[in-house]
1. Looking at the structure I just gave you, is ASP23 under 24 Å from LYS167 (Cα atoms) and modelled with pLDDT under 95?
2. Looking only at segment 66-92, which residues are in contact with a Lys or Arg (Cβ under 6 Å, 6 or more places away or on another chain) and among the aliphatic types (A, V, I, L, M)?
3. Of the conditions (1) under 23 Å from GLY148 (Cα atoms); (2) surrounded by 19 or more Cβ atoms within 10 Å (Cβ to Cβ), VAL43 fails just one. Which one is it?
4. Can you tell me how many residues within segment 95-139 are of a type in the set (S, T, N, Q) and either over 13 Å from ILE173 (Cα atoms) or without any contact (Cβ under 8 Å) to a residue 40 or more places away in the chain (or both)?
5. Can you confirm whether segment 143-155 contains a residue that is closer than 24 Å to ASP376 by Cβ and either of a type in the set (A, V, I, L, M) or in contact with an Asp or Glu (Cβ under 6 Å, 6 or more places away or on another chain) (or both)?
6. Of the residues that make up segment 123-134, is at least one part of a helix (DSSP H, G or I), within 20 Å of ALA15 (Cα to Cα) and out of contact with any Gly (no Cβ under 9 Å at 6 or more places or on another chain)?
7. Can you find, within segment 254-301, the residue that is nearest to GLY162 (Cα to Cα) among those that are aromatic (Phe, Trp, Tyr) and in contact with a Pro (Cβ under 8 Å, 6 or more places away or on another chain)?
Amino acid sequence: MIDDAPTGAGAPAAAYRGFLFSDVRGFTAFAERHGNAAAAAMVGRFLEIARAAIARHEGAELKTEGDNIHAVFPSASGAVLCGLEIVEGAAELSAREPDQKLALGVGIHAGEAIETAEGYIGRAVNIAARLCAVARPGEVLVSSTVKGITQASIPVGFIPKGKKRLKGIQDPILVYAVSRDPNARAPFELPGWLVDAGSAAAAVVALAAVVAIAGPLLFGSQVEKPSSSEAPSAPSAPSTRPVALGELSIGTYTPSQFSPPFTFTIAELGWAASRDQPGSLVLVHQDEPQGSVSFARVQQVFTDPCAGDAGSTAPTSGSVIDQLRVPKHVQVSDEKAVDVGGLKGTQVDVTIADGAQAACGGLAGAGIPVFGLGADVWQASPGERFRLVATEVGGDEVTVLMSIDWTKTHSVQELEALFGLGGSLLTTVEF
């Protein structure tokens, strides 16, 4: 594909269209396990679902190649609704035939492109293809351009997925996952490298925090002082607050949903909570160095950088660190014993090989799935180094992941600074 459409005198006129790509996740691994006949049957089921959805939304099929399909639509709204129908059709088929699950990803972008005898050429086409490459199974990913065009036209919701670097695209693209639920959106839209820095939601959260802390001073509330005859009470221990998604003020917190429960202390501003679920608690450092510290209940370790959950270890196959030693594209180093909340833990540095996806075809340059956390997938990028701390709590393993913002170029010193921040946070943990 060509990055830019031709311009200048005599060049064909560019048309503004919606472009959709969809393909089967884990197709190569499926073909290896089940053979060519089963793989061909899977492609046939996929194309039947996709072609029916494309026709219903006035799209035109441009090309099929192996396990993927490319279509163009007169509107971005049509492409989005078609993408949802494709993944929903695959989910319904998988529910009826659990032994032949069909996992599809969809990518959509809108923009100008030149129509030729071989199809459309232009940056808009390329971005749609790259979004498809990074979509998780059952996920419809769109650009911020598509969100802006369609959000007032069709009853769908857009969940921020952060800025992603796409292969061959110079600047990171702000990406959203589409949902049938118009209210399905991130409870807190983080600024900076994770989501749109201009988010009004972030401003509302910040304002709420200011009002909660300084409200009595701002609005003239009077605080009753003890009489001189009353003996001063002994200082009380700091109260523990449940985690609320958004910016965290200085204080001690406990997750609302993550299990097993624990407490941690925020000693300086700059942290925000972006997720609190039974399987993952994600804390983001919004100031430099930008990155995240995630507490996770890892259910599987992905062994194939191309196939996602088609190649993974079982949850019972040993500790997370032992499972990480299985994939050839993962290097585990610098193992040492650490203390986590009074419990014995193990710390390692993990590096993803630069050429981890050299044999992945269209997936090359996408995020590499590393851990399955229930409904979530924790990803890394080729060449990325992150820190992992594992400890056992009541017979269950808790994994802590420290990762810097990989969409930006950073130095070794910045990475070590992020690890230092994560280590300082861990010293406050109590299970």
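1. Numbers: under 24 Å from LYS167 (Cα atoms): yes; modelled with pLDDT under 95: yes.
Here the answer is yes, as ASP23 does meet what is asked.
2. So in segment 66-92, the residues in contact with a Lys or Arg (Cβ under 6 Å, 6 or more places away or on another chain) come out as 70, 72.
VAL72, the sole residue that qualifies.
3. VAL43 satisfies every listed condition except (1).
4. Just the residues of segment 95-139 that are of a type in the set (S, T, N, Q), to begin with: 100, 116, 126.
Filter once more, so that each one left must be either over 13 Å from ILE173 (Cα atoms) or without any contact (Cβ under 8 Å) to a residue 40 or more places away in the chain (or both): 100, 116.
The number of residues fulfilling the criteria is 2.
5. Taking every residue of segment 143-155 in turn, at least one turns out to be closer than 24 Å to ASP376 by Cβ and either of a type in the set (A, V, I, L, M) or in contact with an Asp or Glu (Cβ under 6 Å, 6 or more places away or on another chain) (or both).
6. At the first step, the residues of segment 123-134 found to be part of a helix (DSSP H, G or I) are 123-134.
Next cut, within 20 Å of ALA15 (Cα to Cα) only: 123-129.
Now drop any that are not out of contact with any Gly (no Cβ under 9 Å at 6 or more places or on another chain), which leaves none.
No; the residues of segment 123-134 include none that is part of a helix (DSSP H, G or I), within 20 Å of ALA15 (Cα to Cα) and out of contact with any Gly (no Cβ under 9 Å at 6 or more places or on another chain).
7. Quick first cut of segment 254-301, residues aromatic (Phe, Trp, Tyr) only: 258, 262, 264, 271, 295.
Narrowing further to those that are in contact with a Pro (Cβ under 8 Å, 6 or more places away or on another chain): 258, 262, 295.
Working: PHE258: 22, PHE262: 28, PHE295: 19 Å.
This residue is PHE295.
Table: residues versus (1) of a type in the set (Gly, Ala, Ser); (2) assigned to a loop (DSSP other than H, G, I, E, B); (3) assigned by TED's automatic domain parsing to the domain that holds THR409.
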residue	(1), (2), (3)
ALA244	yes, yes, yes
SER256	yes, yes, yes
PRO261	no, yes, yes
LEU269	no, yes, yes
ALA272	yes, no, yes
PRO289	no, yes, yes
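The values are calculated or read from the model by the stated rules, or taken from the named source; none is laboratory data. Keep in mind that what you see is a predicted model, and the values were worked out from it rather than measured. Cβ sites come from the backbone with ideal geometry, for glycine too, and all protein chains shown count toward neighbours.
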